[in-house]
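J.: The following block contains the structure, expressed as structure tokens.
The values are calculated or read from the model by the stated rules, or taken from the named source; none is laboratory data. Since this is a predicted model, take the numbers as computed values, not measurements. SASA here: full protein model, heavy atoms, side chains in, ligands and nucleic acids out. Shrake-Rupley method; radii C 1.70, N 1.55, O 1.52, S 1.80 Å.
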Amino acid sequence: MTEAGILAEAGRREHRRITAPGGRPAWALLVVAIAALVATPVLAVLVDGAGGLAAGGLPRGAGEMAVTTVLLMLLVGLGTLVIGGGLAWLVTAYRFPLRGALVWLLVLPLAMPAYILGFVFLSIFDVTGPLQSALRSAFGPEVWVPEVRSLPGAALVLSLTLYPYVYLLARNALLEHAAGTYEAARTLGASRMRALWRVVLPMARPSLAAGLALVMMETLTDFATVQYFNVKTVSVGVYLVWKGSFDFAAASQLSVVVLLFAVAVLAGERRLRGRARFHQQGGRGRGIQPRILTGWQAWTATGVGVSVLLAGFALPVTQLALWAARGLHDGSASLVDPRFVDYLTNSLFVAVITALLCAALAVMIAHGWRMGGRIGAFAAQLTTFGYAVPGAVIGIGVLLSFAHLDEALVRAGVPGGTGLLVTGSVAGVVYAYTVRFLAPAYQAVDASFAKISPSTTLSALTLGASPVRVMGRVHLPLARSGVAVALVLVVIDAVKELPIVLLLRPFGFTTLSVWVYDLARENFWEQAALPSLLIVTVAVAPVLLLFRQVRRAESHSTDGKVDR
Amino acid sequence: MTDKPTTRSPAPTRGTADATPPALTLEGVGKHYGGVVAARDLQLTVAPGELVTVIGPSGCGKSTLLRLIAGLERPDAGTIRIAGETVAGSGRFQQPERRRVGMVFQDYALFPHLTVAQNVAFGLNRAARAERRVRVDEALELVRMAHLSGRYPHELSGGQQQRAALARALAPAPKVVLLDEPFSSLDESLRAQLRADTVAALRETRTTGVLVTHDQTEALSVGDRVVVMRGGAIEQADVPEKVFEQPASRFVASFMGDADFLPAHVDRALLTCEIGIVSTVPGWADSDVDVEVVLRPHEVALRADPSSASRVAAVEYHGAFVLHTVQLPSGRRLRSWQHNGVRYPVGTAVAVGVAPGIVPSLLVGDEAITRPPGRNGGQPLDSREDGLPAPAPALAEDTFHRAR
């Protein structure tokens, strides 16, 4: 019977290796074409920007922006590491009141876009806000308060919205990877602290690195929030240069700098992760035995968790709700504003189109990967890198691509080309969104495809079904849950998305997120409240999905069972 | 085992081969992945209606063989023809969906979102609606699954899933059905029944079949012919009796059932080894050569004999038979099946011989030989007709008695 087992294993390995029978050039080509479509904006930026850099050096102020960017990324990295990593350790290693609820509630700030938390934060802490007013009335107008619209302020807001990435990954690492080895360290006589420093932390390092990389990417891509705080990062530079002077050369040069930052982040993650690929599923051990805290220690722990949750989610939502209620009460609410429906429609229109496009492309990639042989597989990997490219780069890249397309069309005798560039275009927004959100869509679809055994595909083929029929009758029905998840994720991401639409929107085209941004910039906080609440509500949906995952990990850790 | 019941249909007549082309032909087919050779110069012809079993150790290339035939792999060399049509080779490659090859996978690969009937109908989408229904019913009837046609795969037992997969593969009336270890994930108790049912279904529809297995008994009992593979190459392809009784190589001898090897000598047509004279070898009159003799446990006879220097070293009770391992004076070990009633305790001195009527195979190096080496060299297997070693009844029966 061991023989049979070995054979079965060998067979399985063989099946996994050979997924694409013969390699169908047409399908490989399709995936390559999609990859090319995704890569075009980035390549356009690289070609234009690198050429410009070689010719004339960086635009003015680039050095300063780069320094600011580095500082901001480091501060946010540190902030998320302390908040996310600390909270993960707290809820894993200790038991205290409300811990059970905090474990998953602490993920909630992920649903709060930084550009919303940012303006709520400013409304409270800035010069005109209630806090400083109170201070002034108590200590006189000359009382010193730190500048709120500053780099640390921006870093705090970004940390509060981004820490859940680190929290989730760190907690996962603590629960799954470190369980067995932690016990081993304890049986070898290590104290809790020693086991933490010598075993758990090193083992959690790859996860922490991955979480930090996500955080830094988000920080790099943001150029709305930081503008509230007068922080000029390179991404802000791209936006300002483009919106101020429509200077392609300078914008693309700065985009290259942004891209370099992104590459640095990914390289840093690779390095931090090192050669250590901790695939160990130490699920056998009972893991870290939580210590039950009592007295003031317990309440301090609860207090820390609750205050992070309050600052990152509960208080801003309450504030938004108050503003919205007040607005409704005195009739100035944005709800009665006719623009509200318009902008909501715009948001949903772009989001739904993008989602459908992303899901369709994702299915084609996953299917083409199975049909297209090695080339298809390689190209499929390429299609997902858009998520690692900051929004500013994608935005400028899309503009550049359209410009080149127009030029080519004019040269070919089409007067005015596509006309897309002149007017700006919704098509450009959709294209940029697709490049950016194809990765999460593909991951969701691919997760479903991974559950379809290769022999299912192959048996459909041997039954005479053409690849198109295999896609329609077998792959699509079997992957429908993944497609649904992809649609939901992309719709939500697209509704939340701000930087790309700011950069690419045609004149007069406003989405809900742009409206919030504009209103907040003008300090019309109360009017921004309702659309903000709507965005937060929409964004809570994928977080609910995460809750399920967190809870599963939780039950796994307590029962010692893996339910798959 | 030599006179095992032949429930199989008679081997297809080769005379008609001119009229209808072979169902399947492989000529010099090769395939490698990087440096790993998965198929090397494969030659195989399967007649219409024939059922060929393919067996070999893990990684021998038997699955690759199936995948090459199905079109799931592209051969690097050689030609594959299905029913006379070239599907791979000489610059041509036909995709699997055009080959009319049915395949039953190890995990059955039923479509989980379709009912049994819809699964079976999947390959019939080009047929008219009415015809499709008839053929689905026929296929399900064939595997006795008609009453379960509305079920979904997850509502079926393993055996039922296997039947459904078979019905699905047979419904489009493929030129060849390929079965990739179709019974390996079933319980021992179910396996025999399903094996018999599957073979019956293939016979009834006169479908040509290629069945990959890792079970020696299955390969021998099911196949009209057995193909033994090793290292991507075919070691022997012949009727089961020949594969078992006249293995082409040391590998085939030891892989297809238990075998022990003893150094032996042929001198003037007499084969002798440590246990005495084994048989005569007609046609070897002039030879005086060292060989090895292949002895299978059921061919080895034992008799209690206090004067013998051979001792029973181990006894394993297998139910109907008892396996004795005997240590010869040289230290070599020989295994012998004895009937249930015969049990020599460990340490018993036994005389060892060869059961009468047995013509053991001879090896030089790792290859079987049928003619004295040196004159014509080792012979290809098919030329066994002349120079066959013949049993030496008088000698054998005089010297040894079967232990009963």
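J.: Can you pull out the buried accessible area for chains A and B, both sides counted, probe 1.4 Å, rounded to the nearest 100 Å²?
T.: On the way: alone 26210 and 18860 Å², together 42130 Å².
So the buried area, both faces added, is about 2900 Å².
J.: Let me ask something additional. If DNA, RNA and ligands are ignored and the probe is 1.4 Å, what is the ranking of B:His318, B:His214, B:His147, A:His475 by accessible area, most exposed first?
T.: Details: B:His318 100, B:His214 30, B:His147 145, A:His475 0 Å².
Listed by decreasing accessible area, they come as B:His147, B:His318, B:His214, A:His475.
J.: If you don't mind, there's one more thing I want to ask. Enter the angle in degrees (range 0 to 90, nearest 10) between the Cα long axis of helix B:188-204 and the first principal axis of the Cα atoms of chain B, meaning the one along which they spread out most.
T.: Helix B:188-204 sits roughly 70 degrees off the main axis of chain B.
J.: So for chain A, Kirkwood radius off the Cα pairs, Stokes-Einstein at 4 °C and 1.567 mPa s: how many µm² s⁻¹?
T.: 50 µm²/s
J.: To continue, here is another question. Expressed as an acute angle from 0 to 90° and rounded to the nearest 10, what is the orientation of the C-alpha long axis of helix B:158-170 relative to the principal long axis of chain B?
T.: Here the helix axis deviates by roughly 70 degrees.
J.: Let me ask you something else. Under a no-solvent Debye model with one identical scatterer per Cα of the range B:15-252, what's log10 I(q)/I(0) at q = 0.13, 0.14 Å⁻¹?
T.: Debye output, listed in q order: -0.78, -0.90.
J.: Report the accessible area of A:Met216, computed with a 1.4 Å probe over the heavy atoms of all protein chains in place, in Å² rounded to the nearest 10.
T.: 40 Å²
J.: List the residues of the range A:454-476 for which accessible area in the full set of protein chains is at least 20 Å² lower than for the chain on its own; 1.4 Å probe, protein heavy atoms only.
T.: SASA drop of 20 Å² or more in the range A:454-476: A:Ser455, A:Thr456, A:Leu458, A:Ser459, A:Leu461, A:Thr462, A:Leu463, A:Gly464, A:Arg469, A:Arg473, A:Val474.
J.: Then there's this: Rounding to the nearest 10 and keeping the result within 0 to 90°, find how far the Cα-based axis of helix B:129-142 lies from the longest principal axis of chain B.
T.: The answer is roughly 20 degrees.
J.: Return a single number: how many Lys pairs in chain A, at a sequence separation of 8 or more or on separate chains, have alpha-carbon atoms below 27 angstrom apart.
T.: Details: A:Lys232/A:Lys243; A:Lys232/A:Lys496; A:Lys243/A:Lys496; A:Lys451/A:Lys561.
Close lysine pairs under the 27 Å cut-off: 4.
J.: What part of the accessible area of chain B, given as a whole %, is carbon or sulfur when the probe is 1.4 angstrom?
T.: 51 percent
J.: Per residue in the range B:52-88, which ones lose no less than 50 Å² of accessible surface when going from chain alone to all protein chains (1.4 Å probe)?
T.: Flagged in the range B:52-88: B:Ser58, B:Arg67, B:Leu72.
J.: Where is the GNM fluctuation largest for chain B (alpha-carbon springs, 10 angstrom cutoff): B:Arg92, B:Arg225, B:Arg311?
T.: Between B:Arg92, B:Arg225, B:Arg311, it is B:Arg92 that shows the largest mean-square fluctuation.
J.: If you build the convex hull over the alpha carbons only and average its shadow over all orientations, what do you get for the range A:345-521? Give it in nm² to one decimal.
T.: Details: hull surface 48.3 nm².
Mean projected area of the Cα convex hull: 12.1 nm².
J.: So what is the diffusion coefficient of the protein assembly as shown in µm² per second by Stokes-Einstein at 20 °C and 1.002 mPa s, using a Kirkwood Rh over Cα pairs? List each step's numbers first, then the result.
T.: Values: Rh = 33.9 Å.
It diffuses with D of about 63 µm²/s by this estimate.
J.: Then there is this: Picking from B:Gly34, B:Gly61, B:Gly232, which is most flexible by a Gaussian network model of chain B using Cα springs under 10 Å?
T.: Answer for the Gaussian network model of chain B: B:Gly34.
J.: Let me ask something else about it. Rounded to the nearest 5, what % of the DSSP beta bridges within the protein assembly as shown are antiparallel ones? The partial results should precede the final answer.
T.: Values: 64 of 84 bridges.
Looking only at bridges with both residues in the protein assembly as shown, the antiparallel portion is about 75 percent.
J.: Within chain A, what whole-number % of the accessible surface is contributed by carbon and sulfur, with the 1.4 Å probe and all protein chains included in the calculation?
T.: Answer for chain A: carbon and sulfur cover 66 percent of the accessible area.
J.: Which value, in Å² rounded to 10, gives the accessible area of A:Leu476 with a 1.4 Å probe and all protein chains present?
T.: Using a 1.4 Å probe on the heavy atoms, I get roughly 70 Å².
J.: Still on this model: Roll a 1.4 Å probe over the protein chains and send me the accessible area per residue for the protein assembly as shown in Å².
T.: On the way: 42130 Å² over 968 residues.
Solvent-accessible surface per residue comes out at 44 Å².
J.: Sorted by accessible area (1.4 Å probe), largest first, how do B:Arg195, B:Arg132, B:Arg332 line up? Walk me through the numbers before you get to the answer.
T.: On the way: B:Arg195 40, B:Arg132 70, B:Arg332 110 Å².
Sorted by accessible area, descending: B:Arg332, B:Arg132, B:Arg195.
J.: Largest first, how would B:Lys175, B:Lys242 line up by accessible area (1.4 Å probe)?
T.: B:Lys175, B:Lys242
J.: Most mobile of B:Gln193, B:Gln236, B:Gln162 per a Gaussian network model of chain B (Cα springs, under 10 Å)?
T.: Maximum among the listed residues: B:Gln193.
J.: Once ligands and nucleic acids are excluded and a 1.4 Å probe is used, how much of B:Glu316 is accessible, expressed in Å² to the nearest 10?
T.: Looks like 90 Å² after rounding.
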